[in-house]
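The values are calculated or read from the model by the stated rules, or taken from the named source; none is laboratory data. All of these numbers come straight from a predicted model, not from anything done at the bench. FYI the Cβ positions are ideal-geometry reconstructions off the backbone, even for glycines, and counts take in every protein chain you see.
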Amino acid sequence: MYKNSPRHLLTASGLALLLSLSPALAQEAATPGAEAAQAAANDNQPLTAPESTARKQQVMPESFADLVEMVSPAVVNITTTATVSSPLARGPQFPEGSPFSDLFREFGFPGMPDGGNPFGGPQGEQRSNALGSGFVISADGLIVTNNHVIDGADEIEIEFFSGKTLPAKVIGKDEKTDIAVLKVESPEALPFVKFGDSDDGRVGDWVLALGNPLGQGFSASTGIISARNRALSGTYDDFIQTDAAINRGNSGGPLFNMDGEVIGVNTAILSPNGGSIGIGFSMASNVVSKVVEQLEEFGETRRGWLGVKIQPVTSDIADSLGLAEAKGAMVTDVPAGPAADAGMKAGDVITSFAGGEVEDPRELVRRVADAPVGEAVDVTVQRDGEPVELKVTLGRRELAEGSGSGSVDSATESASDLMGMTVAPLTPEIAAELGVSRDMTGLVVQSVDPSGAAAEKGLSAGDVITEAGQQPVASLGDLQARIKEARDAGRKSLLVMVRRAGEPRFVALPVE
């Protein structure tokens with residue numbers, strides 16, 4: 001990651017002074033596109049690309065104008081108002097990214113945050129505005145945007161392409177995917193767009209971004225899909241990366257394919273200064289559409305929950321388990337929950353979920369979340385070199401975050417050097433010092449050879465080894481026996497479970 005290039009969410013905020021163009025002035029009051037859009041809304045049909053613009057071998061169109069004209073009536077500007085506390089009061093404030101805010105900071109007026117506000121004052125409350133974007137997905141006024149656009153807002157105002165404004169209320173929001181669904185009440189049907197299949201998009205395909213960058217009013221920018229399946233920091237991240245110009249204020253706006261379908265929701269950018277440098281991120285529509293369906297129906301998300309802790313299957317782990325490929329999701333812990341009830345065990349490698357292959361933990365997490373709560377699903381795991389079929393009835397993630405610990409009989413022995421580390425039996429006293437359960441048994445790592453295999457794999461003093469070769473270890477003899485078994489089987493490494501501060505993970509240590 002670029003050290004000086006932070007990711008920025010795309011809300012543009014400010015107070016009364018907004019450097020925006022009036023939509024009524026920025027575009028003609030009535031165009032053929034607007035009339036066609038209203039006709040489609042009256043027929044409860046989504047806006048789509050004109051025949052001349054729809055994708056044809058993804059060649060660059062002569063112009064994006066027809067597509068922009070058709071889908072723009074479904075794109076909205078969002079203004080939120082909130083009451084905030086400010087230690088400095090009453091000076092002029094500007095939308096984020098405005099050259100005026102930079103000007104004040106650069107001249108270093110005393111009393112302003114970062115040395116810029118010439119009007120310092122006592123702490124007090126003030127009304128703060130923030131700007132974002134969104135898009136209409138139904139004729140009766142459902143609107144999709146980012147959660148961070150409306151989070152904490154006292155009032156939400158929607159401005160349409162025609163210049164009309166309506167108040168909005170929040171139907172539901174999801175912090176994990178940064179998606180929110182709003183609702184406006186309109187006396188007439190509203191033009192709307194539909195979601196496309198984001199999995200159909202290929203790197204290099206043309207895309208169109210619409211929104212309200214820096215409060216400048218409705219703006220269009222084009223680019224290509226630069227990458228897919230990007231993850232930033234969220235559990236359910238599945239971002240489309242694009243070089244279409246996206247700036248603050250574009251948050252919540254749509255990313256269209258050439259068919260006029262929404263394939264992403266513009267959410268963040270990577271930038272050293274908060275402005276576009278051609279690295280923007282849009283949450284994929286296949287994630288967003290499922291969240292929107294649940295928010296619309298329940299006002300909240302209801303994600304499936306398997307009840308396991310997992311980690312990637314590395315090539316070393318695959319070799320130690322005798323797996324042909326380094327794929328799937330390895331189970332490191334099975335607390336009380338759906339998976340435990342179905343007989344899943346730590347050390348299992350999940351290779352199939354609900355009839356589909358599992359490539360990695362990220363894919364498994366998303367697919368479990370998308371599965372209906374209470375549904376019994378088929379799960380295939382690799383255990384002791386053989387496939388095992390399990391049927392798991394999923395719980396609900398929002399209601400249960402499992403945790404658990406195992407226990408086996410303890411033992412007392414002296415320390416021993418094995419695989420580049422010094423280990424000794426875990427006693428209740430040492431367990432208490434490490435902040436883990438006094439009932440936990442295993443081997444505690446006392447020291448690690450900096451040039452040894454254990455250090456190379458990330459082990460450190462204080463780690464606790466509770467399993468080796470997918471069997472519990474309660475003594476030095478247990479670990480030595482597992483090492484011998486791995487060598488006798490011709491394996492290059494031994495899979496051990498390591499707990500650090502109680503959190504489990506598997507590590508493949510070389511035994512040659």
(message) Take residues that are at pLDDT below 90 and closer than 30 Å to G260 by Cβ and tell me which of the strands (runs of 3 or more DSSP E) falling wholly in segment 60-154 contain 1 or more.
(response) 124-136
(message) Criterion first (of a type outside the set (G, A, S) and in contact with a strand residue (DSSP E or B) (Cβ under 9 Å, 6 or more places away or on another chain)) does D378 satisfy it?
(response) yes
(request) Check whether at least one residue in segment 248-257 is closer than 27 Å to F161 by Cα, in contact (Cβ under 8 Å) with a residue 24 or more places away in the chain and surrounded by fewer than 23 Cβ atoms within 10 Å (Cβ to Cβ), and report yes or no. (result) no
(request) Can you give me the number of residues within segment 169-181 that are within 13 Å of V144 (Cβ to Cβ) and touching a residue at least 60 places away in the same chain (Cβ under 8 Å)? (result) 9
(request) Considering only residues that are farther than 23 Å from A431 by Cα and of a type in the set (D, E), look in segment 464-512 and name the one that is modelled with the highest pLDDT. (result) E485
(message) Being within 16 Å of G134 (Cα to Cα) and out of contact with any Lys or Arg (no Cβ under 7 Å at 6 or more places or on another chain): is that true of N250 here?
(response) yes
(request) Scan segment 144-170 residue by residue and report those that are surrounded by fewer than 16 Cβ atoms within 10 Å (Cβ to Cβ) and in contact with a Ser or Thr (Cβ under 6 Å, 6 or more places away or on another chain). (result) D154, E155
(message) Just to be sure I understand the filter: pairs with C-beta atoms under 7 Å, separated by 6 or more residues or on different chains, first member in segment 226-239 and within 17 Å of I310 (Cα to Cα), second member among the hydroxyl-bearing types (S, T, Y). Which pairs pass?
(response) G234/T177; Y236/T177
(request) Report whether or not T441 is surrounded by 15 or more Cβ atoms within 10 Å (Cβ to Cβ), farther than 20 Å from D333 by Cα and out of contact with any His (no Cβ under 7 Å at 6 or more places or on another chain). (result) no
(request) Filter segment 210-229 down to residues that are under 12 Å from F281 (Cβ atoms) and hydrophobic (A, V, I, L, M, F, W, C) and give me whichever is surrounded by the most Cβ atoms within 10 Å (Cβ to Cβ). (result) I225
(message) Just the residues that are under 25 Å from G234 (Cα atoms), assigned to a loop (DSSP other than H, G, I, E, B) and in contact with a strand residue (DSSP E or B) (Cβ under 9 Å, 6 or more places away or on another chain), please, taken from segment 328-346.
(response) G328, V334, P335, G337, A346
(request) Please give the number of the condition S289 fails out of (1) surrounded by 21 or more Cβ atoms within 10 Å (Cβ to Cβ); (2) touching a Phe, Trp or Tyr at 6+ places or on another chain (Cβ under 8 Å). (result) (1)
(request) Six or more apart or on different chains, Cβ under 6 Å: which pairs go from a residue in segment 36-47 that's part of a helix (DSSP H, G or I) to one that's of a type outside the set (G, A, S) and surrounded by 12 or more Cβ atoms within 10 Å (Cβ to Cβ)? Could you list them? (result) A37/L47; A37/P73; A37/P191; A40/L47; A41/L190; A41/P191
(request) Residue by residue through segment 352-379, note down the ones that are surrounded by fewer than 20 Cβ atoms within 10 Å (Cβ to Cβ) and in a strand (DSSP E or B). (result) S352, G356, E357, A376, D378
(request) Select from segment 297-327 the residues that are touching a residue at least 40 places away in the same chain (Cβ under 8 Å), outside any loop (DSSP other than H, G, I, E, B) and over 20 Å from the mean Cα position of the chain (by Cα) and list them in ascending order. (result) F298, D316, I317, D319, S320, L321
(message) From the list G395, G404, exactly one residue is over 23 Å from the mean Cα position of the chain (by Cα) and either at pLDDT 95 or above or of a type outside the set (S, T, Y) (or both). Which is it?
(response) G404
